[in-house]
1. Conditions first: (1) touching a helix residue (DSSP H, G or I) at 6+ places or on another chain (Cβ under 6 Å); (2) under 19 Å from Asp25 (Cα atoms); (3) touching a residue at least 40 places away in the same chain (Cβ under 8 Å). Pro126 passes all but one, so which condition is the exception?
2. Just for segment 52-69: of the residues that are in contact with a helix residue (DSSP H, G or I) (Cβ under 9 Å, 6 or more places away or on another chain) and surrounded by 23 or more Cβ atoms within 10 Å (Cβ to Cβ), which one is farthest from Asp123 (Cα to Cα)?
3. Can you tell me which residue among Lys72, Lys114 is in contact with a Phe, Trp or Tyr (Cβ under 9 Å, 6 or more places away or on another chain) and either loosely packed, with under 13 Cβ neighbours inside 10 Å or acidic (Asp, Glu) (or both)?
4. Residue by residue through segment 139-152, note down the ones that are surrounded by fewer than 18 Cβ atoms within 10 Å (Cβ to Cβ) and not hydroxyl-bearing (Ser, Thr, Tyr).
5. Pick from segment 50-73 the residues that are in contact with a strand residue (DSSP E or B) (Cβ under 8 Å, 6 or more places away or on another chain) and among the charged types (D, E, K, R): which of them is farthest from Lys145 (Cα to Cα)?
6. Please specify each residue of segment 50-108 satisfying the condition of being charged (D, E, K, R) and part of a helix (DSSP H, G or I).
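Quick note: the coordinates plus some simple rules give every number you see, no bench work behind them. Remember, it's a predicted structure, so these values are computed and weren't measured experimentally. Virtual Cβ from ideal backbone geometry, glycine too; neighbours counted across all protein chains shown.
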Amino acid sequence: MKKTVLLFVFTLLITGFLKSQTYSDFTLQDLEGNDVSLSKLLEKGPVFMSFWATWCSPCKEEMKKVNATYEKYKDQGFVYLAINQDNQKSVSKVKSFITAQNYAFPVVFDTDKKVFEAYSGKDEMPYALLIGKNKEILSVHTGFKTGDEAKIEEEVKAALGIK
């Protein structure tokens, strides 16, 4: 009986891990109502996609810190994609926040959280994944604290083939 339960738990864990490690294309609307597809962004290079919300302080800190990495490597094909998780009531705050911060990276809306769920989103935000140009998930990050941006930049450099 114990072996059966352990096997079942192990299977669930592996299935959950593999699900979170699987590429899934999507198209979402940006701040201007234009369609943005992950597959199109990956044609340029690696994509660091981060699920965030306006009420999430660690999300805002990540955006500020990873924006510097985006600015540094965007001409080499790197894309930082901010995927907003706000609900319909607070989604109106997103554009003004992004504009006020002068962020130039793409921001899209996932208000029904379908993309978040497809990538096995975690309760703690931000929840981010670095996806290589070959559509392989290279890393997963849950939460953010100052200093994490150095590791993210190293992962981006590796994905770009920079030593």
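1. Every condition holds for Pro126 apart from (2).
2. Val66
3. Result of the check over Lys72, Lys114: Lys114.
4. Val140, Gly143, Lys145, Gly147, Ala150, Lys151
5. Lys60
6. Filtering segment 50-108 for residues charged (D, E, K, R) gives 60-62, 64-65, 71-72, 74-75, 86, 89, 93, 95.
Answer for segment 50-108, where residues must be charged (D, E, K, R) and part of a helix (DSSP H, G or I): Lys60, Glu61, Glu62, Lys64, Lys65, Glu71, Lys72, Lys74, Asp75, Lys93, Lys95.
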